[in-house]
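Taking it in order: structure first as structure tokens, then the write-up.
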Amino acid sequence: LWLMTAVAVGGWLIAGKSFAELGFIAPSGTNAWIAWAIAGAGVAYLSYSLYGVSASEDTRKQVRASLDQNQLDVLQPTTPRGFRAFQTLSVTAGITEEVIFRGFAIGVLAIWLPTWAAAVIPLAIFCLAHAYQGWQRIVQIVPIGTLLTIMFLITGSLLPGIVLHIAADVFGGWIIWRATAGSSRSARQDPALVTGD
């Protein structure tokens, strides 16, 4: 992702475009307040969800059942090291995917297409890029991808979307970790989860 981002940003700058035109600007005005409010509400909801998983064994069981049903084992950090790597990847994805799928792709496609088409095509690719997680996961990603796209379109800034994207991935990983660490299945995979080693 970083290599793709470097190529995209390099091509953007070579074409004479600025970082601000790519979306690296502080948004202003009413739309900025709306975008930051959405990002803040998302972080608050994710924090509440993490609290719920941390405080309730029943909630942890529900999350584990959902993970089992959706067969998302490929995403589940099962060791402390895996959890740390997952969180690092979450930050990476939050930055690079917003640059590639929102700032760069929409900016380039808008040269030839109406804005709505320039936004829909990268959104579709963004959602389909998560196909390895299963179709049910794609259905879950469509709303957040749409929201991130709208936030970029109304502000011209990547920053609120980057914050929300990072939060969604980081808190998602944390929720999975809290729900599965110490469960019998995870303990069988790595006994260190139970002891915290």
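The values are calculated or read from the model by the stated rules, or taken from the named source; none is laboratory data. Fair warning: this is a prediction, and the values are worked out from it, not measured in the lab. Cβ placement follows ideal geometry from the backbone for every residue including glycine, while neighbour counts extend to all protein chains displayed. The protein model used for the area step is the full one, side chains on, heavy atoms only, and it has no ligands, DNA or RNA in it. Shrake-Rupley method; radii C 1.70, N 1.55, O 1.52, S 1.80 Å.
Once you order the gyration tensor axes a ≥ b ≥ c over the Cα atoms, which shape class does the stretch 1-103 get: rounded for a/c under 1.5, otherwise prolate or oblate by comparing a/b with b/c? The shape class here is oblate. Once you list every other residue whose beta carbon is under 15 Å from the beta carbon of VAL53, what net charge do they have if Lys and Arg are +1 and Asp and Glu are -1? Summing Lys and Arg as +1 and Asp and Glu as -1 gives +2. What a 1.4 Å probe finds exposed on the chain is 67% carbon and sulfur by accessible area, rounded to a whole percent.
The eigenvalues of the Cα gyration tensor, multiplied by 5 and square-rooted, give the chain an equivalent ellipsoid with semi-axes of 34, 17, 15 Å from largest to smallest.
For a paramagnetic label modelled on ILE111 (point 7 Å from Cα along Cα→Cβ), amide N atoms under 12 Å away belong, within the stretch 5-36, to 11-17. Think of the chain as a dipole: +1 on every Lys or Arg Cβ, -1 on every Asp or Glu Cβ, centred on the Cα centre; then among VAL170, ALA117, SER54, SER54 lies furthest on the positive end.
Along the axis of the charge dipole computed for the chain (Cβ charges of +1 for Lys and Arg, -1 for Asp and Glu, origin at the Cα centre), the listed residues ALA37, GLN69, PHE126 are led at the positive end by GLN69. For ALA167, what charge total do you get from the other residues with a beta carbon under 14 Å from its beta carbon, if Lys and Arg give +1 and Asp and Glu give -1? Around ALA167, the surrounding residues sum to -3. The packing ranking, built from the mean of other Cβ atoms within 10 Å per residue, places the peptides 23-34, 98-109 in the order 98-109, 23-34, highest first. Per-residue ellipticity at 222 nm from helix content only, as computed over the chain with -39500 (n - 2.57) for each DSSP H run of at least four residues, stands at -24000 deg cm²/dmol. Counting only alpha carbon atoms, the long axis of helix 30-55 and the longest principal axis of the chain meet at about 10°.
Charging the Cβ of each Asp and Glu at -1 and of each Lys and Arg at +1, and nothing else, the dipole of the chain about its Cα centre rounds to 160 debye. Using a probe of 1.4 angstrom and keeping all protein chains present, the accessible surface of the chain works out to 54 square angstrom per residue.
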